[in-house]
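The values are calculated or read from the model by the stated rules, or taken from the named source; none is laboratory data. Small disclaimer: the values here were computed from a predicted structure and weren't measured. Please note: Cβ atoms are built from the backbone with ideal geometry, for glycine as well, and neighbour counts cover all protein chains shown. What goes into the accessible areas is simple: the full protein's heavy atoms, side chains included, and nothing from ligands, DNA or RNA. Shrake-Rupley method; radii C 1.70, N 1.55, O 1.52, S 1.80 Å.
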Amino acid sequence: MKKLLADGSTNKKMAKNTTKTYGLSLLPHTLNSKGENLCTFSTKECRAVCLNTAGMGKFNSVQKARLEKANFFVDRRSDFIKQLHGELDKINKKGKAAVRLNVITDIDWETEFAKEGYNLANFTNIIFYSYTKNPYMIELNTNPNHHFTFSFSGGNWKWCEKFLKENKANVAVVFKDSLPDFYKDYKSVCSISGTTLP
C-alpha cells in the first residue's frame, strides 16, 4: 500500500498550521468494502454535510485513494496499523510534528494501536489532534500528546460541559449566522486560522 499519511500542506486548513502537519483520510461512516461504520457516533445531520467531498475530495482520484485506505483498514487491520506505526515512527524521528489521524473519520486510534501492542504516547515529538463525537475517546484518554475537540451535536451538551469543566477538550459548536460572545455561559472563540502547537 502507498503511504497512508499525507503531507498537510495539500490541505488548506492544515497548511495554516505553524507545525509540520500530516493527515490520514479514509472514506467516512459506512463507505467501505464491508460497510463498517468508521464514524460510530455520526448523525444524519453530520452525514448530510460531511466534508468528505469538500475541496480536493470532489475528485474521483481522491475518493478512490480514500476508499483504498478505508478498505485496507477494514480488511487488513493489523497490517494497516503496522504500516501506520512505521510512518509515524519516521515522522517522529524527524522532529516536532502534528498528526490528525481522523481528517474525515472518527476512529479510536488509541484502542486500535493498543490491540497491536503500540502506544501513540511513545511518539514524543508528535502532537495528535482529533475532532470527535465519541465522548469515550476523550473520557478514557491518558495520552498527554493527544488533544481533542469534542463536537456538539445538539443532544450531547452534558458531555460538552463535562469536558469543558474538566479541561479535557475544547468543544466545537456550529452557529448559523453569527458568533455570539458566549454560549451557555462559555466564551465563544472563533478560529479561522490554523492550529498553533508546541
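A compact table of results
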{"quantity": "Rounded to the nearest 20 debye, dipole of the stretch 1-111 from Cβ charges on Lys, Arg, Asp, Glu", "calculated": "480 debye"}
{"quantity": "Shape box of the stretch 104-168 [Cα atoms, principal axes, largest first, Å]", "calculated": "35, 21, 19"}
{"quantity": "Value at 222 nm in deg cm²/dmol, rounded to 500, when DSSP H runs of n ≥ 4 in the chain each add -39,500 (n - 2.57)", "calculated": "-9000 deg cm²/dmol"}
{"quantity": "Share of carbon and sulfur in the accessible heavy-atom surface of the chain [1.4 Å probe, %]", "calculated": "53 percent"}
{"quantity": "Percent RCO, i.e. relative contact order, over the stretch 91-171, from Cα pairs under 8 Å lying at least 6 residues apart", "calculated": "26 percent"}
{"quantity": "Positive dipole terminus of the stretch 49-198, leading residue within Ala54, Met137, Leu179 (C-beta point charges)", "calculated": "Ala54"}
{"quantity": "Cα centroid of the stretch 154-193 to Cα centroid of the stretch 74-131, whole Å", "calculated": "27 Å"}
{"quantity": "For the stretch 31-138: accessible area per residue (Å², 1.4 Å)", "calculated": "51 Å²"}
{"quantity": "Span-like helix ranges in the chain, DSSP H, alpha carbon extent 24 angstrom or more, Kyte mean at least -1.0", "calculated": "none"}
{"quantity": "Listed residues Cys50, Cys39 arranged by accessible area, highest first, probe 1.4 Å", "calculated": "Cys50, Cys39"}
{"quantity": "Dipole magnitude of the chain about its Cα centre (Cβ charges: Lys, Arg +1; Asp, Glu -1), debye to nearest 20", "calculated": "540 debye"}
{"quantity": "From the coordinates shown, Cα extents along the principal axes in Å corresponds to which of (1) 43, 38, 29; (2) 47, 35, 30; (3) 59, 37, 28", "calculated": "(2)"}
{"quantity": "Cross-link pairs Lys20/Lys168; Lys64/Lys93; Lys34/Lys69; Lys20/Lys58; Lys133/Lys158 - those with Cα-Cα distance over 21 Å", "calculated": "Lys20/Lys168; Lys64/Lys93; Lys20/Lys58"}
